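Here's the structure we're looking at; comments come further down.
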Amino acid sequence: MAHLTQRRTQNVSGDLYVDETCIDCDTCRWMAPEVFGRAEGQSAVYHQPKDEAERARSLQALLACPTSSIGTVENPTDIKVVQQDFPLLIEDNVYHCGYASEASFGATSYFIQRPDGNVLVDSPRFTPPLVKRLEKMGGIRWMYLTHRDDIADHQKYHDHFGCDRVLHREEIARETRDVEVQLDGFDPISLAPDLTIIPVPGHTEGHTVLLYDNKFLFSGDHIAWSSRLQHLIAFRNYCFYSWSILMESMQKLEDYQFEWILPGHGRRYHADKETMQQAVKDCIRWMETQ
């Protein structure tokens, strides 16, 4: 938990604060942008919550913070109520899990509730409040892992729920050698009629993305929205395999239709399918200049 003695001087005065253990993962800033901002390479509270809605979003960010770097001066008696908010509904039957893991540098994890079996997309922290909520929502049939970086507590979720983990063979390492479904090749793979896995090497050699219901694209570290640039981007400074191959992989997305990009890192993006397709094309053109 956060320590008041380590409270950053960049925080405004008041109950809520960020301490010096912040790793600048951006989680709190996109979850509660009206409260948290960036100051000198870390997050800080620039505006104390002004109403119950802002307070709730701030406490959601506190719980999601991978390093427990957000704290309150007063004992937050409403924290147990906020715990029940997770997973947070995004749209339809798709949720944001919260409880990011430091092992994945705060990567966002998602949950799809489906009649034919629920899907956990990348791994959040294994924490009792979230686990109990996922149990009530029907458990986990598949744990889909976009790539090697965001696996966090995958083993604990597998052991608890008995879910089959899905990961590309090129991403397998010692800690994932027992993954149940190891994908091969670089052609699209149908996990179910409404679940298509698209190999998109570039960030890493075996990175994949998941298209659900031709509406939601779970993009891992392949593509995300940049609030600073105000367009879709790939992560040039964090491309660990091949930028040229990543550009080729980005072109694959032009063959699909979707309305949401839900990344592991970076900001989510929502638009109608025509606007989204143009945004992907614009991203490719921008990548060519990098």
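What number of residues within segment 1-35 satisfy the criterion of being more than 24 Å from the chain's Cα centre (by Cα) and not aliphatic (A, V, I, L, M)?
Qualifying residue count for the region: 11.
Grab the strands (runs of 3 or more DSSP E) fully contained in segment 8-56, keeping just those with 2 or more residues being more than 24 Å from G266 (Cβ to Cβ) and modelled with pLDDT of 95 or more.
Numbers: elements: 16-18, 36-39, 42-45.
The strands (runs of 3 or more DSSP E) meeting that bar are 16-18.
Do the conditions hold for G220, that is, is it among the small types (G, A, S) and either within 16 Å of V280 (Cα to Cα) or open to solvent by less than 10 Å² (accessible area, probe 1.4 Å) (or both)? Walk me through how you get there before you give the answer.
Numbers: among the small types (G, A, S): yes; either within 16 Å of V280 (Cα to Cα) or open to solvent by less than 10 Å² (accessible area, probe 1.4 Å) (or both): yes.
Criteria met by G220.
Taking Q251 as the residue in question, decide whether it is open to solvent by 20 Å² or more (accessible area, probe 1.4 Å) and at pLDDT below 95. Steps first, please.
Numbers: open to solvent by 20 Å² or more (accessible area, probe 1.4 Å): yes; at pLDDT below 95: no.
Here the answer is no, as Q251 does not meet what is asked.
For segment 169-202, enumerate the residues that are of a type in the set (D, E) and either assigned to a loop (DSSP other than H, G, I, E, B) or crowded, with 21+ Cβ neighbours inside 10 Å (or both).
E171, D178, E180, D184, D187, D194
Residues being open to solvent by 50 Å² or more (accessible area, probe 1.4 Å) and more than 15 Å from N118 (Cα to Cα): count how many of those fall in segment 79-90.
Summing the residues that are open to solvent by 50 Å² or more (accessible area, probe 1.4 Å) and more than 15 Å from N118 (Cα to Cα) in segment 79-90 gives 4.
Return the pairs, sorted by first residue and then second, in which the second residue is small (G, A, S) and not in a strand (DSSP E or B), the first residue lies in segment 156-168 and is within 24 Å of H203 (Cβ to Cβ) and open to solvent by less than 40 Å² (accessible area, probe 1.4 Å), the beta carbons are less than 6 Å apart, and the residues are 6+ apart or on different chains.
H168/G206
Would you mind telling me which numbered condition in (1) in a helix (DSSP H, G or I); (2) surrounded by fewer than 13 Cβ atoms within 10 Å (Cβ to Cβ); (3) in contact (Cβ under 8 Å) with a residue 12 or more places away in the chain Q290 fails?
(1)
Within segment 6-37, how many residues turn out to be among the polar types (S, T, N, Q), under 17 Å from P49 (Cβ atoms) and exposed (fewer than 15 other Cβ atoms within 10 Å of the Cβ)?
1
Looking at the structure I just gave you, is E205 open to solvent by 60 Å² or more (accessible area, probe 1.4 Å) and not in a loop (DSSP other than H, G, I, E, B)?
Working: open to solvent by 60 Å² or more (accessible area, probe 1.4 Å): yes; not in a loop (DSSP other than H, G, I, E, B): no.
No; evaluated as a whole, the condition is false for this residue.
What are the residue pairs meeting all of these: first residue in segment 221-239, first residue in contact (Cβ under 8 Å) with a residue 60 or more places away in the chain and within 17 Å of G106 (Cβ to Cβ), second residue among the charged types (D, E, K, R) and open to solvent by less than 10 Å² (accessible area, probe 1.4 Å), Cβ atoms under 6 Å, and 6 or more apart or on different chains?
none
Could you grab the pairs with beta carbons closer than 6 Å, sequence gap of 6+ or different chains, first residue in segment 16-31 and touching a residue at least 60 places away in the same chain (Cβ under 8 Å), second one in a strand (DSSP E or B) and surrounded by fewer than 22 Cβ atoms within 10 Å (Cβ to Cβ)?
Listed by first residue and then by second, the contacts come to W30/R267.
Would you tally the residues in segment 10-64 being within 19 Å of T127 (Cβ to Cβ) and among the β-branched types (V, I, T)?
Here the count works out to 3.
Do you know which residues across segment 38-54 are crowded, with 16+ Cβ neighbours inside 10 Å and under 20 Å from the mean Cα position of the chain (by Cα)?
Residues satisfying the conditions are Q42, S43.
Just one of the numbered conditions (1) within 21 Å of the chain's Cα centre (by Cα); (2) not in a strand (DSSP E or B) is not true of L210; which one?
(2)
The values are calculated or read from the model by the stated rules, or taken from the named source; none is laboratory data. The structure displayed is predicted, hence computed values, not measured ones. Note that each Cβ is placed from the backbone with ideal geometry, even for glycine, and that neighbours are counted across all protein chains shown. Keep in mind that these areas ignore ligands, DNA and RNA; they rest on the heavy atoms of the full protein, side chains included. Shrake-Rupley method; radii C 1.70, N 1.55, O 1.52, S 1.80 Å.
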